[in-house]
Each structure stands twice: as C-alpha cells, then as structure tokens.
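**Student:** Quick one: this structure, given as structure tokens, is what I'll be asking you about.
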Amino acid sequence: MSRVRRTIALAACAAVVLTGSLAGAAARTAPAKSATVADTVPDAYGLDQLDAAVKGSQVSFFQRRTCAAVLSTLQAGQWTISLFAKPQKGSQLYVGTMTYGERAAMLMMTGSGTSCSGTVTVDAEQPITSSGDLTASGTAKALTFYCHVGPDLNGTSMTDVVLTYIGMYRSASGAFIVMVNGPATVGTHKLVMDEDSGQGITVLPVKPGLDALKAMTGFFGGMYSGDGYGEDTSGLVGMYGGGGTLAVTSAQPFAATVTGTNLTDQDHKSKHLSFTAGMGCDS
C-alpha cells in the first residue's frame, strides 16, 4: 500500500498545479470552437453551449460565469453527473464522473472569481489482453482518471519527462484500474518497481457486478476532494504490482502500450496476473 499512497500523493500534488493552471490554459484555447463536440460527447447538450474545443478525447471550455452556473448548464444534457469533489474553503474545484448509457467521462472544473474553466474527458477504446487472475482480451473502454506528464527531476536533460497515470478499463469480462509510473519519452522503457525509482505498474481488479466508476472514485477520489487518500478497497479484489515495459509512441499527446509481467498481489503472494493495454491522455 505504501507505493500506492506515494503515487496518490504525487498525483494529488500535481493535480493542484494542474487545476491551478487550468483556467489560464482553457482561456487561451477556448476560442478555437470545434464542430465535433457533439460527436465526442453525444447528447451533452449543455456542453455545446460552452464554446468548447476538442482535443482528442478531451473537450475544454472557458466561461465568464461561475462554475455553479456552468454545472447547471451541463446538467441540462442527457449525461448524469456525479460529483465527488466540490468547492471547499480556498478552492473552487469541481470533479466528478459523467455517464450516459455505456459511456463514461471525467468532468473537472475550476473557478476563478466569476469565470470557470474545465474539461470533459470521455472514455476511449483501447486494446487489452490479460491472463492469470485477470482474464480479458479484445478491447476495453478506457477512462483516464488522472494523467500527468512532467519534467523528470532525476533526469539528465530538460527533455526527460515522466508519467503518472491512473485509468479505469471496462471490458466484457470485467473492469480493472491501472496505475503506471515511468518515463514518458518516446521509446520502450523497462519498469522496475521499487521505492527508489518510483516506477512500476499496479492493477486493481474490480469486484464482478459492482459499479466500476464508484470503485475507482471511492479509492482515488480523496486526491481531488481533499478528504485524504480515501482508499476504500471494498470494491476491489486485489492489488497486483510489479514491473514490465512502457512503450511510448507519442509524448504529446501521450500514447503508449503498457505491459505488466507476472504482477503479484500484495496480500496473496501466490496470486499473479499479466496484462498488456493501450493507454493515452490528451491533457
């Protein structure tokens, strides 16, 4: 659990920086109105009214209105919004999941005075294979819960960047959460899990029949809500960690294939799984 806590803590610190700069970034890009917003997030009628711009699987927007007003506009659409992080003293951050039929998305908004900027990141199909205690093949709906690519403080060059990624994969055979820490430069990197490197792969299978999104937000939601780690493991059936490879094909936007080899459950050392999955993020 210690490595997971460390990953969440690092992600939470980066999330503060990310959300703090969200308003300026969205304000600069929002004028580039896109005609494909409706295709990216179908039937999210309110989103069409927010001068939104599309970048891959992510829609960004900026409004000269409060985030509370923007939330009301978004709720007029067909997507159901479930917030797990709401404004607190000193923070105007909203984070939640959006669902519509079998589709899912992450909503993030941050306010500054009477303005609001935000993103909606929808799930995307990714190839997966898995064996051992997790069996899956074909494609899965991958939803990025958190993704940050930033400078490697231990690197030898300003071009060295590292990845912190948390994503939910939902397939016909079940759902699982993937956490990856490793180099984000183009190329194939060997990941060796240890406390010194900060690298590694963790897979958390979701109990069959449970709401995968609730399991994910119950475990990781505290990094955004300010309520601490949370770490509600009631929806999970193990925590498998270890090394493998990360084959990065693009750094911006980030795209890669992660392979976890013989990952071991931390509580039951005799249980193992191996998997390969595509991953990406457009933030």
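The values are calculated or read from the model by the stated rules, or taken from the named source; none is laboratory data. Note that the structure is a prediction, hence the values are computed from the model and not measured. Cβ sites come from the backbone with ideal geometry, for glycine too, and all protein chains shown count toward neighbours. The area values use the complete protein model at the heavy-atom level, side chains included, leaving out ligands, DNA and RNA. Shrake-Rupley method; radii C 1.70, N 1.55, O 1.52, S 1.80 Å.
**Student:** So, in the stretch 75-93, of the ones that are of a type in the set (Gly, Ala, Ser) and either open to solvent by less than 50 Å² (accessible area, probe 1.4 Å) or touching a Leu at 6+ places or on another chain (Cβ under 9 Å) (or both), which residue ends up modelled with the highest pLDDT?
**Tutor:** Per the criteria, the residue is 82.
**Student:** Would you confirm, using the coordinates I've provided, whether residue 208 is more than 15 Å from residue 243 (Cα to Cα) and assigned to a loop (DSSP other than H, G, I, E, B)?
**Tutor:** Yes, satisfied.
**Student:** I need every pair where a residue in the stretch 171-196 that is closer than 15 Å to residue 126 by Cα has its Cβ under 8 Å from the Cβ of a residue that is among the charged types (D, E, K, R) and open to solvent by less than 20 Å² (accessible area, probe 1.4 Å), sequence separation at least 6 or different chains.
**Tutor:** If the second residue must be among the charged types (D, E, K, R) and open to solvent by less than 20 Å² (accessible area, probe 1.4 Å), no pairs are left.
**Student:** For the stretch 176-205, which residues satisfy the criterion of being open to solvent by 20 Å² or more (accessible area, probe 1.4 Å) and either closer than 26 Å to residue 86 by Cα or part of a strand (DSSP E or B) (or both)?
**Tutor:** 183, 187, 188, 189, 190
**Student:** Collect the residues in the stretch 126-158 that are of a type in the set (Ser, Thr, Tyr), over 21 Å from residue 220 (Cα atoms) and in a strand (DSSP E or B), keeping them in residue-number order.
**Tutor:** Correct list: 129, 130, 131, 137, 139.
**Student:** Just the residues that are among the polar types (S, T, N, Q) and either without any contact (Cβ under 8 Å) to a residue 40 or more places away in the chain or open to solvent by 30 Å² or more (accessible area, probe 1.4 Å) (or both), please, taken from the stretch 59-69.
**Tutor:** Hit for the stretch 59-69 is 66, nothing else.
**Student:** Please identify the pairs in which a residue from the stretch 204-217 that is hydroxyl-bearing (Ser, Thr, Tyr) has its Cβ atom under 7 Å from the Cβ atom of a residue that is open to solvent by 80 Å² or more (accessible area, probe 1.4 Å), counting only partners at least 6 apart or on another chain.
**Tutor:** Close Cβ pairs satisfying both conditions: none exist.
**Student:** With respect to residue 97, determine if the residue is surrounded by 15 or more Cβ atoms within 10 Å (Cβ to Cβ), of a type in the set (Ser, Thr, Tyr), farther than 25 Å from residue 247 by Cα and modelled with pLDDT of 95 or more.
**Tutor:** Yes, satisfied.
**Student:** If we only count strands (runs of 3 or more DSSP E) wholly inside the stretch 81-122, which ones have 3 or more residues that are aliphatic (A, V, I, L, M)?
**Tutor:** Answer list for the stretch 81-122: 93-100, 103-112.
**Student:** I want to confirm something. Restricting to the stretch 234-281 and keeping residues that are hydroxyl-bearing (Ser, Thr, Tyr) and crowded, with 17+ Cβ neighbours inside 10 Å, which single residue is farthest from the chain's Cα centre (by Cα)? Write out each step before concluding.
**Tutor:** Taking the stretch 234-281 first, the residues hydroxyl-bearing (Ser, Thr, Tyr) are 234, 240, 245, 249-250, 257, 259, 261, 264, 270, 274, 276.
Those still in the list that are crowded, with 17+ Cβ neighbours inside 10 Å too: 240, 245, 257, 259, 264, 274, 276.
Numbers: 240: 19, 245: 20, 257: 16, 259: 18, 264: 23, 274: 21, 276: 18 Å.
Looking at the filtered set, the residue picked out is 264.
**Student:** Ok, one more. Restrict the check to the stretch 109-129 and report whether at least one residue is over 18 Å from the mean Cα position of the chain (by Cα) and within 30 Å of residue 207 (Cα to Cα).
**Tutor:** Among the residues of the stretch 109-129, at least one is over 18 Å from the mean Cα position of the chain (by Cα) and within 30 Å of residue 207 (Cα to Cα), which makes the answer yes.
**Student:** I'm trying to understand the selection: among the residues of the stretch 139-148, which are modelled with pLDDT of 95 or more and surrounded by fewer than 22 Cβ atoms within 10 Å (Cβ to Cβ)?
**Tutor:** Selection gives 139, 141.
**Student:** Which of the following residues is touching a strand residue (DSSP E or B) at 6+ places or on another chain (Cβ under 7 Å) and open to solvent by 10 Å² or more (accessible area, probe 1.4 Å): 115, 72?
**Tutor:** 115
**Student:** Quickly run through the stretch 155-207 and pick out the residues that are charged (D, E, K, R) and under 17 Å from the mean Cα position of the chain (by Cα).
**Tutor:** 170
**Student:** If we scan the stretch 149-165, do we find a residue that is open to solvent by 60 Å² or more (accessible area, probe 1.4 Å), more than 19 Å from residue 188 (Cβ to Cβ) and touching a residue at least 24 places away in the same chain (Cβ under 8 Å)? Explain how you work it out, then say what you get.
**Tutor:** From the stretch 149-165, those open to solvent by 60 Å² or more (accessible area, probe 1.4 Å) are 151, 153-154, 156, 158-159; that's our starting set.
Checking which are more than 19 Å from residue 188 (Cβ to Cβ) leaves us with 151, 153-154, 158.
Pick out the ones that are also touching a residue at least 24 places away in the same chain (Cβ under 8 Å) and you get none.
No, the stretch 149-165 contains no residue that is open to solvent by 60 Å² or more (accessible area, probe 1.4 Å), more than 19 Å from residue 188 (Cβ to Cβ) and touching a residue at least 24 places away in the same chain (Cβ under 8 Å).
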